[in-house]
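Before any comments, here is the structure.
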Amino acid sequence: MSYPDTYYRRTMTDPAERSALKGREECDTVIVGGGLAGLTTALQLARAGQSVIVLEAESVGFGASGRNGGFVGAGYATGSDEIARIAGKEAARKLHMMSIEGMDFVRDTIRDLGIGDARPIPGIMSVLRYDDAADLKAYADGLRRDYDYELEFMERDRVRSVLKSERYFQALRDGRAFHMHPLNYLRAVAREIERLGGRIFEGSPARSVDLDGAQKRVATAGGEVFARHVVFTTGGYTGALLGALKRAFLPIATYVMVSEEAPDMIASAIATSDAIGDNRRAGDYYRVIDGGKRLLWGGRITTRAASTEALVKELRAEMVGTYPQLAGLKTELAWSGLMSYARHLMPQIGKMRDGVWYCTAFGGHGLNTTAIGGKVIAEGILGQSERYSLFSPFGLVWAGGLAGLAVAQLTYWKLQAQDWWRERAA
């Protein structure tokens, strides 16, 4: 297998390997990319009786889908006001409801397939690092009014009773959201696709495509697939195969570390099984794992490959700055991964032309959005709905190339400075 050395790889319960594509194959739909978006698409198509082939360059869940923080909650990386400004208020409402549906889809899939090794744990807390109870309450009231969605407001003292840090003020707790082991989930979905007759080929990067005509062709080093539909779900590891996709996203790296086993020390700082994320644009996200024995901590972003060892020093400084009582907690393992971000900070989901679909740019959105993306693409292919068109205002716009990366890095630094001043004022 080609997985990087991550906590998820070390605790993966399914060791099955899949062969590479050899020779000629035919199917109704071929999907390029074996992450959560591609596998969800394949699952829904296979459930509907379509013949499906998934081509994965490495191993199922190799990219961001299998090495992220494991958070599954509602919403998008950008705010509802910005979504409404671009797409309109009614479309923004429908998109938010779809993000809730994506979260529920993952939960229902875990239940229906009996994926116990996904280890779903309820609860995600979104915490403020400055004092602003009024705005937080107003946000929760808006969700209750507009979407009948309940968030639990937590006053500062209650937050600090479970997150024992002077950095935190108020929080909103989402009891419907949850966190899980993403790689075990993905591999279980892959098994279900195969049980339904779908085929998954690993170690099979697409080398060329012919998308003209009714019958599409995707070729790898060892074979070729002919299908009526092609779906591209390659995320942050998208190559130059399709220029329109490559130009439409920025590859952004994020970093995760896992601690040694130290349950007593961790409990002295974090007395909740909820996953935690703070309100900064590229803030910390973390959760206790292995029944409280270890701490998984993620954060930081870079626009180009950086030394994971150097970034871990920054993550540790952030962790200890938040929880001085964890200064002695050793880091046992760390890794990084590439996410795909569009310039408009929304996922890119839609149809390029008849029979050619894309479902990508899920950086910062959480696992719910990749799930709903795959689901609506499957609905479009099956002719069940055109819900994918709700994402059309957020299309494959040019991300800016090298200049876009530079702008993204400058924006990140600017947001960090704003966060710093806001916290200082608190």
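With angles folded into 0 to 90 degrees, how steeply does helix 89-113 sit against the dominant principal axis of the chain? Use alpha carbons for both and round to 10.
So the inclination is approximately 80 degrees.
Can you compute 3J(HN,Hα) from phi for each residue in the stretch 166-171, using the Karplus curve 6.51 cos²θ - 1.76 cosθ + 1.60 with θ = phi - 60°, rounded to whole Hz and x for Gly and Pro?
Here the 3J(HN,Hα) series is 7, 6, 9, 10, 7, 8 Hz.
Skipping prolines and chain starts, which residues have an amide H placed within reach, meaning under 5 Å, of the one on residue 204, given they are 5 or more residues away or on another chain?
Distant-sequence amide H within range of residue 204: 56, 57, 58.
Roll a 1.4 angstrom probe over the protein heavy atoms and tell me the percent of accessible area of the chain that is carbon or sulfur.
On the chain, the fraction of accessible area on carbon and sulfur atoms equals 51 percent.
Which order do the peptides 261-268, 368-375 come out in when sorted by mean C-beta neighbours inside 10 angstrom, highest first?
368-375, 261-268
Mean separation of Cα pairs under 8 Å and 6+ residues apart, divided by the residue count of the chain: what relative contact order is that in percent?
This gives 24 percent for the chain.
Which loop-located trypsin sites (Lys or Arg not before Pro) does the stretch 230-338 contain, where loop means any DSSP state but H, G, I, E or B and the Cβ has at most 11 other Cβ atoms within 10 Å?
Taking the stretch 230-338 and a limit of 11 other Cβ atoms within 10 Å, the loop trypsin sites (Lys or Arg not before Pro) found are 304, 330.
With all protein chains present, calculate the accessible area of residue 349 using a 1.4 Å probe and round the result to the nearest 10 Å².
So the heavy atoms of residue 349 present about 0 Å² to solvent.
Extending each Cα 7 Å along its Cβ direction at residue 310 and residue 264, get the distance between those two points in nm, one decimal.
That separation, rounded to one decimal, is 3.8 nm.
Roughly what would the spin-label model give for residue 226 and residue 113, points 7 Å off Cα along C-beta, in nm?
Roughly 3.1 nm, to one decimal.
Beyond 32 Å between alpha-carbons counts as too far, so tell me which of 293/313; 89/375; 94/164; 22/375 fall in that bin.
Table pairs above 32 Å Cα-Cα are 94/164.
How tilted is helix 182-195 with respect to the longest principal axis of the chain? Cα atoms for both, answer in degrees (0 to 90, nearest 10).
With both axes taken from Cα atoms, the answer is about 20 degrees.
Please say if the stretch 1-95 is rounded, prolate or oblate, where rounded means a/c under 1.5 for a ≥ b ≥ c the square roots of the C-alpha gyration tensor eigenvalues, and otherwise the choice is prolate for a/b larger than b/c and oblate otherwise?
Here the stretch 1-95 falls in the oblate category.
Taking amide H atoms as placed 1.01 Å from N in the peptide plane, list the residues 5 or more away in sequence, or in a different chain, whose amide H sits under 5 Å from that of residue 223.
Counting only residues 5 or more places away or on other chains, the set is 23.
Compute the long axis of helix 367-382 from its Cα atoms, compare it with the longest principal axis of the Cα atoms of the chain, and write down the angle in degrees, 0 to 90, nearest 10.
That works out to roughly 20 degrees.
In nm, what is the difference between 0.36 nm times the number of residues separating residue 24 and residue 385 and their Cα-Cα distance?
126.8 nm
Would you work out if the stretch 308-398 is rounded, prolate or oblate? Take a ≥ b ≥ c from the square roots of the eigenvalues of the alpha-carbon gyration tensor; rounded if a/c is under 1.5, else prolate when a/b is larger than b/c, oblate otherwise.
Note, shape of the stretch 308-398 comes out prolate.
Just reorder 216, 22 by solvent-accessible area, largest first, 1.4 Å probe, all chains present.
Reading off the accessible areas and sorting them downward yields 22, 216.
Working with all protein chains in place, sort 28, 148 by solvent-accessible area computed with a 1.4 Å probe, largest first.
From most exposed to least exposed: 148, 28.
Once the whole set of protein chains is in place, how much accessible area is left on residue 297, using a 1.4 Å probe, in Å² to the nearest 10?
Roll a 1.4 Å probe over it and residue 297 shows about 0 Å².
Give me the extension gain from residue 325 to residue 207: residue separation times 0.36 nm, minus the current Cα-Cα distance, reported in nm with one decimal.
37.4 nm
Taking the solvent-accessible surface of protein heavy atoms with a 1.4 Å probe, what is the per residue accessible area of the chain in Å²?
41
Rounded if a/c is under 1.5, else prolate if a/b beats b/c, else oblate: with a ≥ b ≥ c from the C-alpha gyration tensor eigenvalues square-rooted, which is the stretch 75-131?
oblate
Stokes-Einstein D for the chain at 20 °C, 1.002 mPa s, Kirkwood Rh over Cα pairs, in µm²/s?
98
Going 7 Å from the Cα of residue 14 in the Cα-to-Cβ direction, what parts of the stretch 29-47 have a backbone nitrogen less than 18 Å from that spot?
31-47
How large is the Kirkwood hydrodynamic radius of the stretch 175-248, in angstrom, based on all distinct alpha carbon pairs?
Taking the inverse mean of 1/r over all distinct Cα pairs, the stretch 175-248 comes out at 14.9 Å.
Mean-square fluctuation check for the chain, GNM, Cα pairs under 10 Å: which of 141, 354, 112 is largest?
Comparing 141, 354, 112 in the GNM, the peak value goes to 112.
The values are calculated or read from the model by the stated rules, or taken from the named source; none is laboratory data. On a predicted model such as this, the values are computed, not experimentally measured, just so you know. Ideal geometry is used to build each Cβ from the backbone, glycine not excepted, and the neighbour counts take in all protein chains shown. Side chains are part of the model used for accessible areas, which takes the heavy atoms of the whole protein and leaves out ligands, DNA and RNA. Shrake-Rupley method; radii C 1.70, N 1.55, O 1.52, S 1.80 Å.
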